[in-house]
Structures are given as C-alpha cells and as structure tokens.
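Have a look at the structure below before the remarks.
Each reported figure results from applying straightforward, stated rules to the coordinates on display, with no laboratory input. Bear in mind that the values here come from a model prediction, so they are computed numbers and not experimental data. A quick note on method: Cβ atoms are made from the backbone with ideal geometry, for glycine too, and the neighbour counts reach across all protein chains shown.
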Amino acid sequence: MRRVGTVRLAARSDALVRRGALLLEDALRTASFPEAGPGRVLLIRSLPVGVIRGHLPPSSLALSLERLVRELTMSAVHAGDASAGHRLAVFFRDDAEPSVTLAGRLARGEPVSAWFWPLAVPDFHPNLPRDEALRLVLATALRTSAGPAAAIRLVEDLHEEGGLDVLLESLRWQEGPALVQAFGGSLPAPALPVETVSPGTPETVLRAVPLRAVVARWVETWGAGDARSVWLAAMALVLERRGRLVDVRLFERAARLAATMVSAPAAPEGSRPFSSTSSGAPGAVRNTEDSASVMNVPRHEPTSTSASAPSSPEPPPGIAAPGRTGAPAPAGGVRAPHPASQRADTQKPPPIEHGPGEMPSPGTDAKPMLEWPEVARPTAVGGLLFLLPVLERLGMAALLAEHLGLLELDVPDRLLSLIAERLGAPATDPSRVILDSHVRGPRPAHCPFALPERLRTLVADMEGAPLAFREEGPTGRTVLTDASRRLPLAVTYGMTPESRAPLASGTLPTTLHGEDDLGLLLRGLLTALRRWCRRHARMGLHDLVRRPGRIVATRTHVNVLFDIRQADIRVRGAGLDVDPGWVPWLGRVVRFHYLYGEE
C-alpha cells in the first residue's frame, strides 16, 4: 500500500501544474518501489522529484522516482534509532510496531515530536493530551493487520515496562464496550455472580503475580461489571495463553475472573483517587468526560472482516456511570524499557516444574535464551508455514472450537515445532524459536479429543467402521483409529459397559502403543498432513517443508523469504504459498515473499 501526504508543484500556468500532477500520479501508480524489508513499513519525509518534463511519458518519471526511493531505502534507519528524527526515511518492522512504540513513549513521558509519528499513526498530533493519544494508539493497533494480537502486544509491552497503569487510567467507560466488540466478544448479561465460579479453574487463576495485581487493582477501581474490567481480564488471560484469543467463551471467562477479584464494592466514582499521571504533556488541557471518544475500533472475528463499532455507545447495565477513573501508579514510577536487543529474552517462557506423573512437553524445558529473528535468519524448513492452509482445510479451527481445552496446550505451535524437529531443524532454527516461545506448561495426564469430520473425509481410510481399542486398566481409555490403524481419530474416557461391548479390547497397535493423549493427537494431525500432501499436492511432507529460506519475525508477524528461482509449481498449484495473512488460531500474521537471488 502506498500513501502520499502533500504534493507541491510549481509552474508558469495552472495547465502545466495539472499536467505535472497527472504525470506524477501515473508515475506513482506504476513505479516499482523497493521494500525497506519484508513486512516493514517505510516512511519518507520528503521526496524531491525535480523538474517534470511535460513531453515525456510517465514511465520516465517513474524510473526517476524508483531511483530516489531506492537511495532513501538504503539509508533508512529504524524509528527507534537516536537519529531517526533527523533522517529523511525511517522504517518500522511491521504495521503494529508504530502503535506499540508510540504507546510506550507516551507512557514514559518521552518526546513524540518527531516528523514520522503523525505519518505512522494517523490522526496523531504531538499536541494531543496524553489520555487522548493513548486511546488513539490503542484504536490504531486494533486496525492493523494483526488486529487483536497487536493490541495484546501493546498491553504486554506496557506491562513489562511498568506503564500499563497509564494506559488504563486513560480509558473511559465509553471505551469498554467498543474494546470488547473489537475482539469479537460481548458482555455476559446478566453479570456472573461470584458464587457461580469454581475456584482454581483456568478462568479464575492468573499465575503471573505482577499481572494479577494490576488487574485486581483496576477491577476494584472500575467494578467487576464495567466493560473495561472484563476487557482487561480477557487481556490477562490471553497474555498467559495466546491460544485463548480464539476461545468463543473468552469474555465469559474474563467476566468470571473479574468477579472473583472484587473483594468489596467499588468506591463511589467521585471518591476514587485520581493520579497526576493522567495529565497530558506540559501545557495540555485534560479531556472532559463529555468529549468525543476516539476509541472507534474495528471488530475482529475469526471468519469475517472487521466492522466499525460505535465510538460512544450507551453504557449497558452494570457499567459504571461516566466519571474520572484512576488508580495510583505503582511505586517507583515507570521502569526503563527493554532494549530491542533484549526483546528476545522476554519471549522465552520460564522453566516449567513438572508435577508427578506429568511428562515434559516439547519446547517447554529450560533452554538457553535464543536469538529472536527480528532480522532475516536462514531456516532449514522454509516451507513449514505452507502447512497453515492445509491445517485450515483439515479443520484446525473447528477442532480448537470444539475442544477448548486444547487451546491451553498450544496445539498448533506444538505440532509445527514437532514437524520442524523431526525434519532436522535444530533448536536454534528461527522457525522453532518463534513457535517454542508460545509453548508453555506440562503435558496433561488426560486430553480427550475427536478429530473433525472434515479431516476424516479428506484423509482417513474408512473401509467400514472405525476401529476402537479399549485399554485394560484403571483409566478406561478408548482410542478410535481409521481402518489403517495408523491414524488416531479420537480418545475418550468413561464409556458405559453397553457401549464397550462391540469394541475390541487390548493394547493399541504397535505404532501407537505407549503414546499419551496429546501424543496421539499430534500423531493424528501429523499423519493427516502427510496424507493430504501426497493425495492433493502430489508431494511428501519432507519435500514440502524441507526447503531453504529465511525468516524475519516479530511477536505478531512472520515473514518467510524464498528465492523465486526455487519456486515449486506443485506448491503454487495447491495454493499453499498464498499469503495466509491473519491466522487466528496461530495468533500471527504470516506472509511469504519471493525475491530474486535470495539465498
């Protein structure tokens, strides 16, 4: 996408100005501008086009523009560089980074007067009060290609830097319902009482103590029925488990979590403490409560494009009346941000302590901190993410929607990481680094599942009825396979004697013997992928995945680079290298780039 701000032309007559404008417009449409890098956003302060010759075709002007932009691209620096404000061109690593970076600078009280901020974040102006500017950047993050994941990234960054309270203090009651709608959710009605919550369930436990303290403080301030409290609790749940982003019951769980955190009725609105941190920049005027809301955010749903939500909705029942909202900032003020070079450390999970009888899961054991691929790094399994369209066709979204417990196990990341490992990718391969960063927690003792009907239709060998094997022992586990006995279709527990009667009993086939539930699920999905590739793409899983490439990634975007001379007609024919874009069940935006000479 190309966007031009102001064009200034001078000529001896209006006719020449119009002629120059037409030539420039045609040249801008036809020019092939080089990218600042895969997935990056390039901002140019000014582009002197020189003298436009009216008798020459637009193509000559386009060639001149290409040369100028190429020179600026080579000299562009990252927006976080100390010299960025004096450069003619800067770049961001993805379209979500401007909002995230600007929010951090606003929370820390750092200058935001550089020329590129109004270009990177539309409608932003350095003179905006800080409260209004923070609401604007949050709404802008939700309009990026990553949508909800970009907003989660913003909240996570501010929490790590100690500035989350500054953002939360800027939110008014009007923004709550719009934020919930932007994530494709709705407020439970009526409000869920605390008595209906079972202590210790995933929706009532936040293991991260600092995050739990922040959420509890603001839920006490706003009240459990406030839409902002429900939204904040949902963000906390997703920060612990990224897979929860596609949970259809996310906001119901968040409402239950908020209800458990209210130890006493919230203080009257007028008596709530108001921190001085809510004021804007020096000399700025604070927004009044009747000012227009800037939280006009899109609504993201897994199967549809975004639709605009009302900017100032009427408060539904249970939402506090408008008024000043604030809570004291944590002692010590805002911590210094993590440098970009240390951002990789924040991605790796802490070591997991496995309980009795639990097996360590791939990617969760303590490992050395590996370099996050924010610059292009070579990978041995460049075609790994070609499997995303295949998993979509096999019904991965339906599987996770039907078995919500699988969201807690990061099944997509585990599966892709397992495939990369089996095909020889080392632990330092960037594909495994970005996947293992989300895999957390031990393997569960029990993980019942049933693969989607769509998958059975496409790849299962169904010569007659599926085969069921009932294991002898106290567990009473029953494993359903297809006719080949190599594809696990379902795992169930507690079958009645009547339903067990027609089933075979005994140990599983040798190929499946000794596998726990999660292992059987991963094996079933892996077998389904192999069969789909052979039947529909006419190639093996090894040929599809094991190919050279490079990966550059942020926490919300993954870009895979290939040499166009190595393009495979079988991959293109099956439609596997079409950009997946936003993949909700993976929580990332994925794009493929074919470049000439890419090694």
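Taking θ = phi - 60°, what integer Hz values does the Karplus form 6.51 cos²θ - 1.76 cosθ + 1.60 yield along the stretch 139-148, in sequence order, with x for Gly and Pro? Values per residue, Gly and Pro as x: 5, 5, 4, 6, 8, 7, 5, 7, x, x Hz.
Tell me, in nm to one decimal, what length is gained between Val248 and Ser75 on full extension, where the rule is 0.36 nm per residue of separation less the Cα-Cα distance? Write down the numbers at each step before the final one.
Details: separation 173, 0.36 × 173 = 62.28 nm, distance 4.58 nm.
Length difference between fully extended and current span is 57.7 nm.
Subtract the Cα-Cα distance of Asp543 and Arg53 from 0.36 nm times their separation in residues, and report this length gain in nm to one decimal. Full-extension gain reported as 171.1 nm.
Here the spin labels are modelled as points 7 Å beyond Cα on the Cα-Cβ line, and at Arg535 and Asp123 they lie 4.9 nm apart.
Other residues with beta-carbon under 13 Å from the beta-carbon of Pro48 carry, at +1 per Lys or Arg and -1 per Asp or Glu, a net charge of +2.
Using only C-alpha positions, report the orientation-averaged shadow area of the convex hull of the stretch 370-414, nm², one decimal. Don't skip to the end; give the middle numbers.
Working: hull surface 17.5 nm².
Mean shadow area of the hull around the Cα atoms is 4.4 nm².
Summarised as an ellipsoid, the stretch 37-135 has semi-axes of 31, 14, 12 Å, derived from the eigenvalues of the Cα gyration tensor scaled by 5 and square-rooted, with the largest first. With a Förster radius of 56 Å applied to the beta-carbon distance between Tyr594 and Ala483, the computed FRET efficiency rounds to 0.85. Using the Cβ-Cβ distance between Ala10 and Thr428 with R0 = 51 Å, the FRET efficiency computed as 1/(1 + (r/R0)^6) comes to roughly 0.35.
Geometric descriptor of the stretch 386-465, per residue, is 127 Å³ (volume of the convex hull of the Cα atoms).
For the stretch 550-599, taking Cα atoms only, Rg and Dmax work out to 11.7, 33 Å respectively.
About its Cα centre, how strong a charge dipole does the stretch 533-585 have in debye, to the nearest 20, once Lys and Arg get +1 and Asp and Glu get -1 at the Cβ? Could you put the intermediate results ahead of the total?
Working: 10 positive and 5 negative charges, 42 e Å.
Charge dipole of the stretch 533-585: 200 debye, to the nearest 20.
Summarised as an ellipsoid, the stretch 14-90 has semi-axes of 28, 13, 9 Å, derived from the eigenvalues of the Cα gyration tensor scaled by 5 and square-rooted, with the largest first.
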